[in-house]
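K.L.:
One structure is given below, represented as structure tokens, and several questions about it will come after.
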Amino acid sequence: MADRDRIRLVVLFGGRSAEHDVSRVSAFHVLGAVDRDRYDVVPIGITHDGRWVSASDAIAVLGAGAGSLPSPDSAPASSAIEPLPAVAPASPGQQVVVLPLLHGPMGEDGTVQGLCELAGVPYVGAGVASSALCMDKGLAKDVLAATGLPQCRHVTARLPGPGFATETIATLGLPAFVKPANLGSSIGITKVHDLASLRAAVAEALRYDEYVVVEEAVAGREIEVAVLGNEAPRASVPGEIVPGHEFYDYDDKYLTDSADLLIPAKLGDDEIAEVQRLAVAAYRALRVDGMARVDFFYEQSGPSRGWLVNEVNTIPGFTPISMYPKLWEASGLSYADLVDELVRLALERFERRSRFGTTR
């Protein structure tokens, strides 16, 4: 198949956030799964300081036994490229789809999605507004609350002052979780048990963002559901996480593989139907397209509030131990077929939105 007949798949990885290394692992495995007879694959790395660099040698790394792609930071200065030309067609008439595997701020938060909109090219995943909304845990919780979806109790504050810790304990009690509002992969998250640790956790969260979210600790099962689709999203079988540490932290997710992932989760038919319904409802409430992983707590003791939406991740991890691809594999969709479906959804969304008028 000639290059002009293949979809130019621009895979973005790395990025400026603290999730840079997670992105490299996700991209490594996606690049290994895509069908090169169907796609003209173009890997592009983004450095910690925001430079875009050609990563044409990334394909060669796949057979070398590595577990991730080299950091774009090590690329020579001669490989630097401009963002807009990087996502453009290589030849007239060639279809382009951008696959942003950029976890966290400056990639998952609507910034790269906005660049693709300006360039007029399709991209995988949620749009600008939805990406920004889901990235900001505080704002997302506000929208979910407005639509009546169940959540745990929480407090959000911008650059919280000296009295914040005491007031928060009075509101939520202890233990609690402190998080930067705009980050993922459990980076910057601390479980706190007393006033001193809450203050220290707030200082840690403020290293990453000016908004801090504090949530009550929920004694419940951690259940995740993968959602896929545009106007008619569908939910995967649910999976359960049994953390290997005190909570499902960064090491559990990406380094030690100490957490148990139970797929499918041991739930009754009615429980499965309800969590799938809530996952799709949260997906729609936050106006997500393409894909997302919706995380829940299932509280069956104490207050027994049942299902509580925790958060919605619009660019979930794609590593071999990541829940999103595992959930779809258990639902009958292979890793390679999942990538194909995401590309199809990106093209579908782009075609639909291209019909809107731009003149009076």
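Every number in this text was worked out from the coordinates using simple rules, so none of it is lab data. From a predicted model like this one, the values you see are computed outputs, not experimental measurements. Note that we place each Cβ from the backbone using ideal geometry, even for glycine, and neighbour counts take in every protein chain shown.
K.L.:
Just the projected area, averaged over all directions, of the convex hull on the alpha carbon atoms of the range 256-297: how many nm²?
P.N.:
For the range 256-297, the mean projected area of the Cα convex hull comes to 4.1 nm².
K.L.:
Right, next: Of the chain, which part is the longest with no GluC sites (Glu not before Pro) in a loop (DSSP not H, G, I, E, B) and with at most 13 other C-beta atoms within 10 angstrom?
P.N.:
1-209
K.L.:
Mean-square fluctuation check for the chain, GNM, Cα pairs under 10 Å: which of D289, D194, D21 is largest?
P.N.:
Largest GNM mean-square fluctuation: D194.
K.L.:
Further, regarding this structure: Please find the FRET efficiency linking R352 to E167, where r is the Cβ-Cβ separation and R0 is fixed at 30 Å, and quote it to the nearest 0.05.
P.N.:
Details: r = 46 Å, r/R0 = 1.54.
After rounding, the FRET efficiency stands at 0.05.
K.L.:
Below 8 Å between Cα atoms, with a sequence gap of 6+, how large is the relative contact order for the range 154-216 in percent?
P.N.:
Normalised by residue count, the contact order of the range 154-216 is 48 percent.
K.L.:
Please list, by residue number, everything in the range 326-350 whose backbone N is under 17 Å from a paramagnetic label point 7 Å out along Cα→Cβ of L62.
P.N.:
Counting only backbone N, you get 334-343.
K.L.:
For the chain, which semi-axes, largest first and in whole Å, follow from the square roots of 5 times the eigenvalues of its Cα gyration tensor?
P.N.:
They are 34, 23, 20 Å, listed largest first.
K.L.:
Suppose only helical runs count, i.e. DSSP H with n ≥ 4. What mean residue ellipticity at 222 nm does that imply for the chain under -39500 (n - 2.57) per run, divided by all residues and rounded to the nearest 500 deg cm²/dmol?
P.N.:
-9500 deg cm²/dmol
K.L.:
Sticking with this one: For the chain, what does the relative contact order come out to in percent, with C-alpha contacts under 8 Å and a separation of six or more?
P.N.:
Relative contact order, the chain: 17 percent.
K.L.:
Starting from the Cα-Cα distance between A330 and S71, subtract it from 0.36 nm times their residue separation and give me the gain in nm to one decimal. Show your work: numbers first, answer last.
P.N.:
Numbers: separation 259, 0.36 × 259 = 93.24 nm, distance 3.15 nm.
The A330-S71 span can extend by a further 90.1 nm.
K.L.:
Here's another thing I want to ask about it. Mind counting lysine pairs for me in the chain? Cα separation below 17 Å, and the two need to be 8 or more apart along the chain or on different chains.
P.N.:
Total qualifying Lys-Lys pairs in the chain comes to 8.
K.L.:
What fraction of the DSSP beta bridges in the chain is antiparallel, stated in percent and rounded to the nearest 5?
P.N.:
Just about 75 percent of them are antiparallel.
K.L.:
Also: In the Gaussian network model of the chain, springs joining C-alpha atoms below 10 Å, which of D40, D136, D109 carries the largest mean-square fluctuation?
P.N.:
Result: D40 has the largest fluctuation of those listed.
K.L.:
Which FRET efficiency, nearest 0.05, do R36 and L262 yield, Cβ-Cβ r, R0 41 Å?
P.N.:
Computed FRET efficiency for R36 and L262 comes out at 0.75.
K.L.:
DSSP loop trypsin sites (Lys or Arg not before Pro) in the range 130-191 with at most 15 other Cβ atoms within 10 Å of their Cβ, which ones?
P.N.:
The qualifying sites are R153.
K.L.:
Right, next: Between I81 and E231, 0.36 nm times their residue separation minus their Cα-Cα distance comes to what? Write out the running numbers ahead of the final one.
P.N.:
Values: separation 150, 0.36 × 150 = 54.00 nm, distance 3.50 nm.
50.5 nm is the gain from fully extending I81 to E231.
K.L.:
Return the single residue from L69, L84, L31 with maximal mean-square fluctuation; model: Gaussian network over the chain, springs between Cα atoms under 10 Å.
P.N.:
Comparing L69, L84, L31 in a Gaussian network model of the chain, the most mobile one is L84.
K.L.:
Given points 7 Å out from each Cα along the Cα-Cβ axis, report the D49 to T147 separation in nanometres with one decimal.
P.N.:
In this crude label model, D49 to T147 measures out at 4.1 nm.
K.L.:
Something else: Using a Debye calculation, one point per C-alpha and no hydration shell, please list log10 I(q)/I(0) for the range 3-123 at q = 0.12 Å⁻¹ in order.
P.N.:
For the range 3-123 at q = 0.12 Å⁻¹, log10 I(q)/I(0) is -0.39.
K.L.:
Then there is this: Largest first, please: the extent of the C-alpha atoms of the range 154-216 along each principal axis, to the nearest Å.
P.N.:
26, 20, 18
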